[in-house]
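The values are calculated or read from the model by the stated rules, or taken from the named source; none is laboratory data. Keep in mind the model is a prediction, meaning the values are calculated, not measured. Backbone-built Cβ (ideal geometry, glycine too); neighbour counts: all protein chains shown. Surface accessibility is based on the protein's heavy atoms, side chains included, excluding ligands, DNA and RNA. Shrake-Rupley method; radii C 1.70, N 1.55, O 1.52, S 1.80 Å.
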Amino acid sequence: MSTPVKKVPIHLQSAQNRLLIKNGKTVNENEIVEQDVYVEDGIIKQLGRNLLIPGGTRVIDARGKYVIPGGIDPHTHMQFEFMGTTSVDDFYQGTKAAVAGGTTMIIDFVVPKQGESILDSYYAWRQKADDKVCCDYGLHVALTSWNDKVKGEMKTLCEKHGVNSFKMFMAYDFYLKDDELYGAFQRCRELGALAQVHAENGLIIKKNVEKLKAFGVTGPEGHEMSRPECIEAEAVNRACVISKQVNAAICFDNISTGQSAEMIKKHQTPGATIYGTTLVSNLALVGDSQNMKTITSPPLRSNPDIPDQIWGYLASDVLQLTGSDHCTFTREQKEMGKGDFSKIPNGVNGVEDRMSVIWEKGVHSGIIDPCRYVAITSTNAAKLFNVYPRKGCIAVGSDADIVVWNPSKTRVISSKTHNIAIDFNIFEGMECHGVPEYVIVNGRVCVDEEQLRAVQGHGKFVETPCWAPFIYAPEKMDELTAPKNNGALNEIELTNKLAKIELEPKLCITPTLPDSAISTPSCRGPRPEGQRNIQDSTFSISEELDVERKSCIKVKNPPGGKSSGFW
Ligand code: URP
Ligand code: ZN
């Protein structure tokens, strides 16, 4: 028996594709405007007041709320085979959670097995994702080996498959050596792609792990001990130096310390194209080294000053992006590393909570304004990965990936209510002001009055073309839209914003040298007063590992800039 076809009157036929968001304040990186937004067939068609709208259009009242671009999370690992297991959020569960939290695009990492064709691996990732995603997604491709075949396939990925970024790990078994990094960065430069870097000195971590185990350290505290801050800062410095030899644009994917951000700042000299992403976990949490559930790399730092330091660099545009590094393993999976910290699968959650946590810690706490919030949660990622202004802004012609953000409502993060597949949440109990009341994904209301109505397969793969104007022709950016600034604070503003926060970075850096000779932080600074010893403490990695202790200069500058203020 055939199903009867209902006749829908013509004026109602596309009513579900039409949406008017009224009375809100749109937020872009450069301005906040009181205006309505009219959406049709997944695209923003009109902005302004008193718009002429077809009958039958659904109206959402956004009075007292912000209307912001959907978040873009540039760092996720869905259904990722890693450290002998697989992360449990697949592309359905992970993107559903993303949408619940106000993120409307993710960029996941294809990570080929060593020696595997990067093209085949890309196809495999497309297969895992295409039918499952609830929001749009793009792909970065990791280079886990380096040879001529990889070089050739990079070109194919760029020219035929919409990939414009390649990731190089400096840690894990699949790290690239310095000369390989050189080759890979150079190839990225030739193709107009972006080189992304996981910066940690993997060989030294390995040595530290061996030594710690020999001393009988087996618990989760060994993880951070084997990867002190300078292990990251050294790798950041090295990657910057190498990228400068071949004039390549690079972006660090998980900056977790003030030392590393300071290193990036030193290398951001005229002509250098160096960007930095930090992670929501680093911005909001102080690591508890005994907790295996929060093990990720680089580690969540137990130094309580770190989140404020990183906020400083993010507010002042030394760092531009925020990601989640969402890579979820259950308690049971984490237990694989019981008795051997080096076997704890690395990774934490964040794709669902990134938008709320960053609003809470950044905007609600008064460090950044809503414009900078938009810049660091979507616009800068859209620009760097070349999907701007299609995404990352509220503009006529842009995809209708929109969040109606209610800054007056609060929610408490809990594993009892979250939408991810693990049985705990690293942000458990955090109260966040700012709730995504409506989340519109390509014109469809997927969170409706806070009720999640994500649709499997509604998202699609979005190509990220090479030669992003933001990187390679910044003078052209004004033609795309007219950003007046990117919401970044100047030094005085930053100092004022941070004035209420007691922090003393105590970075350990060498005096300013010519850029060509920037040296590496070679020791950890003195432990700030009141800071917990990470192991309460039978063992000190820096002493036992004979880490060279050069004299440290106590820096009196705020993160992100010099100041004559309270610093
Ligand atoms: O620890 C993490 N972040 N796991 C995922 C792989 C990576 O390092 O990005
Ligand atoms: Zn990652």
Exercise for the section: Quick one: in segment 294-309, of everything that is part of a loop (DSSP other than H, G, I, E, B) and of a type in the set (D, E, K, R), which residue is most open to solvent (accessible area, probe 1.4 Å)? Expected result: ASP305
Problem - Selection from segment 213-229 of residues that are surrounded by 23 or more Cβ atoms within 10 Å (Cβ to Cβ) and assigned to a helix (DSSP H, G or I) - result: GLU221, GLY222, HIS223, GLU224, MET225, SER226, GLU229
Problem - Unique match (being within 16 Å of ligand 1 (Cβ to nearest atom), open to solvent by 10 Å² or more (accessible area, probe 1.4 Å) and more than 20 Å from the chain's Cα centre (by Cα)) among LYS416, LYS409, LYS343 - result: LYS343
Exercise for the section: Can you tell me which residue among GLY350, GLY366 is within 16 Å of ligand 2 (Cβ to nearest atom) and either among the aromatic types (Phe, Trp, Tyr) or part of a loop (DSSP other than H, G, I, E, B) (or both)? Expected result: GLY350
Completion exercise
The condition of being of a type in the set (A, V, I, L, M), in contact with a Ser or Thr (Cβ under 8 Å, 6 or more places away or on another chain) and within 30 Å of GLN456 (Cβ to Cβ) holds, among VAL209, VAL163, only for VAL163
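Every residue, every condition in (1) of a type in the set (A, V, I, L, M, F, W, C); (2) more than 16 Å from ligand 1 (Cβ to nearest atom), yes or no:
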residue: HIS161; (1), (2): no, yes
residue: MET170; (1), (2): yes, no
residue: PHE185; (1), (2): yes, yes
residue: CYS188; (1), (2): yes, yes
residue: LYS206; (1), (2): no, no
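Check segment 310-317 and report whether any residue there is touching a Cys at 6+ places or on another chain (Cβ under 9 Å), at pLDDT 95 or above and away from ligand 2 (no atom under 16 Å from the Cβ). Before the answer, list the steps.
Here is the first cut: in segment 310-317, the residues touching a Cys at 6+ places or on another chain (Cβ under 9 Å) are none.
Looking through segment 310-317, none of the residues is touching a Cys at 6+ places or on another chain (Cβ under 9 Å), at pLDDT 95 or above and away from ligand 2 (no atom under 16 Å from the Cβ).
To keep it simple, each residue is scored yes or no on (1) within 21 Å of LEU384 (Cα to Cα); (2) open to solvent by 10 Å² or more (accessible area, probe 1.4 Å); (3) not aromatic (Phe, Trp, Tyr).
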| residue | (1), (2), (3) |
| --- | --- |
| GLU431 | no, yes, yes |
| VAL435 | no, no, yes |
| GLN451 | no, yes, yes |
| GLU463 | yes, yes, yes |
Handout entry: Residue selected from segment 274-289 under the condition in a strand (DSSP E or B) and not aromatic (Phe, Trp, Tyr), by the criterion nearest to ASN346 (Cα to Cα)
Key = LEU279
Handout entry: Long-range neighbours under 9 Å by Cβ, at least six apart or interchain, first residue away from ligand 2 (no atom under 16 Å from the Cβ) and open to solvent by less than 10 Å² (accessible area, probe 1.4 Å) within segment 107-119, second part of a strand (DSSP E or B) and at pLDDT 95 or above
Key = ILE118/VAL110; ILE118/VAL141; ILE118/ALA142; ILE118/PHE166
Problem - Those residues of segment 279-301 which are more than 17 Å from PRO228 (Cα to Cα), within 16 Å of ligand 2 (Cβ to nearest atom) and in contact with a helix residue (DSSP H, G or I) (Cβ under 6 Å, 6 or more places away or on another chain), in sequence order - result: VAL280, LEU283
Practice task
Read through the list (1) within 28 Å of ILE204 (Cα to Cα); (2) aliphatic (A, V, I, L, M); (3) within 16 Å of ligand 1 (Cβ to nearest atom), then give the number of the only condition that VAL351 fails.
Solution key: (1)
Handout entry: Any pair with Cβ under 6 angstrom, 6 or more apart, that starts in segment 73-101 at a residue that is under 18 Å from ALA142 (Cα atoms) and ends at one that is at pLDDT 95 or above and of a type in the set (Asp, Glu)
Key = HIS75/ASP253; HIS75/ASP325; THR76/ASP108; MET78/ASP89; MET78/ASP90; MET78/ASP108; GLN79/ASP90
Problem - Residue in segment 442-449 that is hydrophobic (A, V, I, L, M, F, W, C), open to solvent by 10 Å² or more (accessible area, probe 1.4 Å) and modelled with pLDDT under 95 present - result: no
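Return yes when THR144 is under 22 Å from the mean Cα position of the chain (by Cα) and among the β-branched types (Val, Ile, Thr) and no when it is not. Give the steps one after another, and end with the answer.
Working: under 22 Å from the mean Cα position of the chain (by Cα): yes; among the β-branched types (Val, Ile, Thr): yes.
Yes, satisfied.
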Practice task
Check whether at least one residue in segment 283-291 is within 17 Å of the chain's Cα centre (by Cα), of a type outside the set (A, V, I, L, M), modelled with pLDDT of 95 or more and within 27 Å of SER365 (Cβ to Cβ), and report yes or no.
Solution key: no
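Go through segment 251-278 and give me each residue that's of a type in the set (A, V, I, L, M) and more than 16 Å from ligand 2 (Cβ to nearest atom). Lay out the reasoning, then the answer.
Residues of segment 251-278 of a type in the set (A, V, I, L, M): 255, 261, 263-264, 272, 274.
Scanning segment 251-278 gives ALA261, MET263, ILE264, ALA272, ILE274.
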Practice task
Could you tell me whether any residue of segment 136-143 is in contact with a strand residue (DSSP E or B) (Cβ under 7 Å, 6 or more places away or on another chain), in contact (Cβ under 8 Å) with a residue 40 or more places away in the chain, open to solvent by 10 Å² or more (accessible area, probe 1.4 Å) and more than 23 Å from VAL197 (Cβ to Cβ)?
Solution key: no
Handout entry: Scope segment 310-339; condition more than 16 Å from ligand 1 (Cβ to nearest atom), open to solvent by 10 Å² or more (accessible area, probe 1.4 Å) and part of a helix (DSSP H, G or I); matching residues
Key = ARG331, GLU332, GLU335
Practice task
Scan segment 175-212 residue by residue and report those that are in a helix (DSSP H, G or I), closer than 21 Å to ASP340 by Cβ and either charged (D, E, K, R) or open to solvent by 40 Å² or more (accessible area, probe 1.4 Å) (or both).
Solution key: LEU203, ILE204, LYS206, LYS207, GLU210, LYS211
Completion exercise
Only one of (1) open to solvent by 10 Å² or more (accessible area, probe 1.4 Å); (2) out of contact with any Cys (no Cβ under 7 Å at 6 or more places or on another chain) does not apply to LYS167, and that is (1)
